[in-house]
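Have a look at the structure below, then the notes.
Just so you know, all these numbers are worked out from the coordinates, no wet-lab data involved. What you see is a predicted model; the values in this text were computed from it and never measured. Here the Cβ is made from the backbone with ideal geometry for all residues, glycine too, and neighbour counts use every protein chain on show.
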């Protein structure tokens, strides 16, 4: 694709020139979003038909092509990972979910699915025409190298880092069309205050983290609380190799804990694929690019690469666990709440790491809107719900009642371990099920 002119056009011109009837158009993933191209494409409602848009984990308040066309006359939206806004679209029947493990997404794009048009959000170019991929490296290079038509959208708010050895770099000549204009402030992801249960779980997990540990933190209350506790602890030389870098890592950096000094590769660097958090986080990426290795999914989410590091600690949340250790991390019955994302990638990487530990952290129970307490540890994952992580990959489980290691245990021993960290109100019925049904 080298040698393209990277012709500068308006978003409206790019939408008309790039998108044809029946096309698949990629919008990207996470906080990075082609805002101008989305508006320009939405304005073509009625002029194109059967245009399918792929995105995921959208944290901005709206997608214009969806809101402009609720009848889906021209546009259909597909998501790799349901975010807060996309959950609202579900209730209106305006999103279709695409299941995927993030580490396999580049393979999908290279070998199994069609990509016609890529709307790639990039930072302002330097004097030589090189841009950074801002806050969403994703698998953009794989996508646009396989696309028929590539549009770069320059976002003046993006951090300008280009990555170690150009890992986060693209050149204007790699695009067919380049658009620019005024953008809204970058979308921010905030975390609710930790509950008392979150703090109990985080305290238990903290006891499992050694000096020099390399942290992979999912999003949510427990991972963020662990990070705040690391920042206040005596731990030394914490490392970062994570799918999403967030304010949790900025907190540890400010406390002098995040040095990455003991990592077996990317020594001294925080490695990540997406950035999602406050404007302070984005400013940090822009101000100190030498501290980071933003990489694509093939690099960051590869469990065999993760396993080259010692003491990898992966911390993720879950929705339900059963007595065998199977985890539902993404659905409520048949309703998709999120997606598996990179959870399996980092669970396996931690599993293979010398000294590594993969945690599923979950409140033992929840209280429904009508005031009933329900167990999150069940005899079996209910029909219609998803098994996100198989029992063979779940290593550690943490609730407010303790931490148990499941790997290497028999089915009965796993059940006994799971019951020991269940809410006391439900242990009796779980023990009855174990006694009567599990042999």
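State the Cα centre-to-centre distance between region 358-424 and region 102-135 in whole Å.
The distance from the Cα centre of region 358-424 to that of region 102-135 comes to 37 Å.
Please state, as a whole number in µm²/s, the translational diffusion coefficient that the Stokes-Einstein equation yields for region 294-439 at 10 °C and 1.306 mPa s, with Rh defined as the Kirkwood radius across alpha carbon pairs.
In µm²/s, the coefficient is 101.
Contact order normalised by length for the chain, with contacts defined as Cα pairs under 8 Å and 6 or more residues apart; what percent is it?
After rounding, I find 14 percent.
Hey, what D do you get for region 1-96 in µm²/s if you plug the Kirkwood alpha-carbon radius into Stokes-Einstein at 37 °C and 0.692 mPa s?
Value of D from the Cα-based Kirkwood radius: 239 µm²/s.
Any chance you could list the semi-axes, whole Å, largest first, of the equivalent ellipsoid that the Cα gyration tensor gives for region 202-286, using √(5λ)?
18, 15, 11
Taking the Cα atoms only, what angle lies between the long axis of helix 196-206 and the longest principal axis of the chain, rounded to 10 degrees?
Taking the Cα atoms of the chain, the angle to 196-206 is about 90 degrees.
Taking the 0 to 90 degree range and rounding to the nearest ten, how far is the long axis of helix 343-352 tilted relative to the main principal axis of the chain, both from C-alpha atoms?
Helix 343-352 sits roughly 60 degrees off the main axis of the chain.
Order these peptides, 101-112, 20-31, 85-96, by their mean beta-carbon neighbour count within 10 angstrom, highest first.
20-31, 101-112, 85-96
Could you sort 157-166, 224-233 so that the peptide with the highest average Cβ count within 10 Å comes first and the rest follow in order?
224-233, 157-166
Beyond 24 Å, how much of the Cα-Cα pair distribution for region 7-180 remains, as a whole percent?
Result for the distance tail: 31 percent.
Hey, what angle do you get for helix 221-231 against the long axis of the chain, alpha-carbon based, 0 to 90 degrees rounded to 10?
Helix 221-231 sits roughly 90 degrees off the main axis of the chain.
Here are labelled values, (i) 22, 43, 30, 5, 0; (ii) 25, 60, 16, 0; (iii) 26, 54, 19, 1, and one is the computed P(r) over Cα pairs in 20 Å bins from 0, in percent for what I pasted. Which one?
Computed from the coordinates, P(r) over Cα pairs in 20 Å bins from 0, in percent corresponds to (iii).
With the calculation restricted to Cα positions, what are the radius of gyration and Dmax of region 196-437 in angstrom?
17.9, 61
Among DSSP bridges having both ends in the chain, what percentage is antiparallel? Round to the nearest 5.
25 percent
Please tell me the relative contact order of region 7-180 in percent, rounded to the nearest whole number, where contacts are Cα pairs under 8 Å and at least six residues apart.
Computed over region 7-180, the figure is 24 percent.
So what's the Cα pair-distance distribution over region 333-402, bin width 10 Å, in %?
Going from the shortest bin to the longest, the percentages are 16, 43, 33, 7, 1.
Springs between alpha-carbon atoms under 10 Å, Gaussian network over the chain: tell me which of 156, 264, 330 tops the mean-square fluctuations.
Of 156, 264, 330, the most mobile in the Gaussian network model is 264.
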